[in-house]
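Comments concern the structure below.
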Amino acid sequence: MSENTATAIESSAGESGTLHPPPLSLYVHLPWCVRKCPYCDFNSHEGRGALPFAAYVDALLADLDHDLPLAWGRTIQTVFFGGGTPSLFPPEAIDRLLQGASSRLRFAPGCEITLETNPGTAEHDRFELYRAAGVNRLSFGIQSFDDACLRRLGRIHDSGEAEAAVKLAQDAGFDNINLDLMYALPEQTLAMAERDLERAFALQPAHVSHYQLTLEPNTVFAARPPAGIPDDDASWDMQEHCQALLAAHGYAQYEVSAYARPGRQCAHNVNYWRYGDYLGIGAGAHGKLTLGHDGSILRRWKIKHPAAYLASAGRPEAIGGDDRIEPERRPFEFMLNALRLVDGFDLGLFTLRTGLPVDAIAPQLHAAVANGWLAIDAGHARPTDTGRRFTNDLISLFL
C-alpha cells in the first residue's frame, strides 16, 4: 500500500458524527404486466381483465399518507415508476398520483420523473399525455432488437415495435430516454450482441442499461434453463466488446451496468448507489429512510400481492416489515451500493450516510487496496478495473 493511501484513510479515520438525512427519492411500484417474462424475479403479476387503476392510485396515496411522518419537511429529488409495466397505467392515473404526491411533499425544481415502459404497450397519444402529467424520463424495456431472442425471452413486442415506440416518445418531446438491453441471451453470439447495440445507437438514447441475463431463483428460467446460454468466457467477451462499443459512441460507464451521455446519468439510481433515502409505495415496494430524531436508518417494505395491498394500503397491515439497520450492518449496506459506481465515493460520504468514522472500515479498506481491488487517493475510494471485475469479492470484505 502506498504512503498516500494510508494517509488518506488515516486522515478521515477519526471523523464521525450524527446521521445527516441524504437526498430523498420516491419509488412507486405498479405491479401488473401483460405477461410475466420467464427470467423476471420482480414483484409483477399478469393482469387479468380490467385492472383497478383508480383504486390502486387511491391505495398509493393512502400508503404515502401513512409513511409521511417519516419524511416531514423533506424534498423529493426524483420519482421512479417501476413494475410490472407502469405504461399499462393510463396517463390520467399517473397524473393523479403525481398531483397527489406533490401536494403532500415538496418536489425539487426539475425533479427527474421516470416511467418504465414496455414497447408492447405504447400507444400514439400516451407519451404526450405522460409528458403533460410531469414524466420527463422514459425507460424502455427492450432487452434485444433480435426478434428470435425476444421470442426466447418471452417478450410481447418485436424489434419493429421497439423502434417505433422510442420514435413515438421522441416525437412527443422526450429526449431523456433509457434503453434496457441484455446480453448473454440464449443462442446469442458476439455479433448479435453488437448488432443490438448498433440498433440502439441509431435511436440516440441518452442512456443505456446493458446487463447480463442471469437465472434468478424462483423464475421459470431457473427451473428450466433455456438451451444455448453463452458460457462465462463468451459472456465476458461480450461484456468487454460491448463496453468498448458504448464508450466509442459516447456512453460513459458510471455503474456496473449503466452507461450515459454526459449529464444524463439516472439521478434516481445514483441516489440509491450513494446510499440515499427513498420512500417506497405500492405492492412490494421497499423504502429506506434516515430518521434524524433518533439517529437510525429504517428499511420498510410493503406486502407484495396486489389484492392484499389494495385491501390494506394506508394501514399498518400493508407494511410487510420494518428493519432498523444497526451500525454494524451499515458498512456492508453502504458498500453494496457505493462500490457499484465506477468512480467510487468520497470517504467522507461514508461517514455522512452511516454516522460511522472511517476507522470503522479501515482494515477492510487496507485489505481491498492490498488485493488490488480499490484505489484510494485524496480521500476518494475508487474500484480498480480488477475490483470491478470481482465486485462481489470486494463487497464481501465489508460483511
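Read-outs: derived from the displayed coordinates by stated rules, not from any lab. Everything numeric in this text was worked out from a predicted model, so none of it was measured. Methodologically, a virtual Cβ is constructed for each residue, glycine included, from the backbone with ideal geometry; neighbour enumeration extends over all protein chains shown.
Using 1/(1 + (r/R0)^6) with R0 = 35 angstrom and r between the beta carbons of ALA164 and ASP377, what's the FRET efficiency to the nearest 0.05?
Working: r = 48 Å, r/R0 = 1.36.
The formula returns an efficiency of 0.15 here.
What is the Cα centroid distance between the range 305-362 and the range 16-75, reported in whole angstrom?
Using only Cα atoms to place each centre, the spacing works out to 17 Å.
Quick one: check the C-alpha center-to-center distance for the range 97-118 versus the range 236-276, whole angstrom.
What the calculation gives is 24 Å, centre to centre.
Compute all pairwise cysteine Cβ distances in the chain, then list the cysteines with no distance under 4.7 Å to another cysteine.
Among the cysteines of the chain, those whose Cβ sits 4.7 Å or more from every other are CYS33, CYS111, CYS149, CYS242, CYS266.
In debye, nearest 20: dipole of the range 38-169 around its Cα centre with unit charges on the Cβ of K, R (+) and D, E (-)? Kindly include the intermediate steps, with their values, before the conclusion.
Values: 12 positive and 18 negative charges, 55 e Å.
Approximately 260 debye in magnitude.
Using Cα pairs under 8 angstrom and six or more residues apart, how large is the relative contact order of the range 91-167, in percent? Mind dumping the intermediate values first?
Working: 70 pairs, mean separation 26.5, N = 77.
Reported as a whole number, the value is 34 percent.
Relative contact order for the chain: what is it in percent, counting Cα pairs under 8 Å that are at least 6 residues apart?
On the way: 777 pairs, mean separation 88.2, N = 399.
It rounds to 22 percent for the chain.
List the lysines whose Cα sits under 20 Å from the Cα of LYS288, skipping any in the same chain fewer than 8 residues away.
Cα-Cα hits under 20 Å: LYS302, LYS304.
Order 339-345, 122-128 from most to least packed using the mean count of other Cβ atoms within 10 Å.
Numbers: 339-345: 19.0, 122-128: 16.1.
Ranking the peptides 339-345, 122-128 by packing returns 339-345, 122-128.
Quick check on the range 307-363: take the gyration tensor over C-alpha atoms, sort the square-rooted eigenvalues as a ≥ b ≥ c, and tell me if it's rounded (a/c under 1.5), prolate or oblate. Walk me through the intermediate numbers first.
Numbers: a/c = 3.84, a/b = 2.40, b/c = 1.60.
Prolate.
Using the Cα gyration tensor of the range 302-399, with a ≥ b ≥ c the square roots of its eigenvalues, what is the shape: rounded (a/c below 1.5), prolate (a/b larger than b/c) or oblate (neither)? The partial results should precede the final answer.
Working: a/c = 3.13, a/b = 2.26, b/c = 1.39.
Because a/c hits 1.5 or more and a/b exceeds b/c, the range 302-399 counts as prolate.
What's the percent breakdown of Cα-Cα distances in the chain across 10 Å bins, shortest bin first?
The percentages, shortest bin first, are 5, 21, 30, 28, 14, 2, 0.
With no solvent and one equal point scatterer placed on each C-alpha of the range 119-212, evaluate the Debye formula and give log10 I(q)/I(0) for q = 0.15, 0.16, 0.21 Å⁻¹, two decimals.
-0.55, -0.62, -1.00
Does the range 215-328 come out rounded, prolate or oblate by the C-alpha gyration tensor, with a ≥ b ≥ c the root eigenvalues, rounded set by a/c under 1.5 and, if not, prolate when a/b is larger than b/c and oblate if not?
Details: a/c = 2.54, a/b = 1.49, b/c = 1.71.
Note, shape of the range 215-328 comes out oblate.
Step through the residues of the range 149-161 one at a time and calculate ³J(HN,Hα) from phi using the Karplus curve (6.51 cos²θ - 1.76 cosθ + 1.60, θ = phi - 60°), rounding each to whole Hz and writing x for Gly and Pro.
My calculation for the range 149-161 gives 5, 4, 5, 5, 7, x, 6, 8, 10, 10, 5, x, 5 Hz in order.
Would you look at the GNM of the chain, springs on alpha carbons closer than 10 Å, and say which of PRO316, PRO38, PRO21 moves the most?
PRO316
Going by average Cβ density within 10 Å per residue, which order do the peptides 216-227, 185-196 take, highest to lowest?
Descending packing order for the listed peptides: 185-196, 216-227.
Could you grab the Rg to Rh ratio for the range 72-147? Cα atoms only, Kirkwood for Rh. Display every interim value, and only then the final one.
Details: Rg = 13.4 Å, Rh = 13.2 Å.
Expressed as Rg/Rh, it is 1.02.
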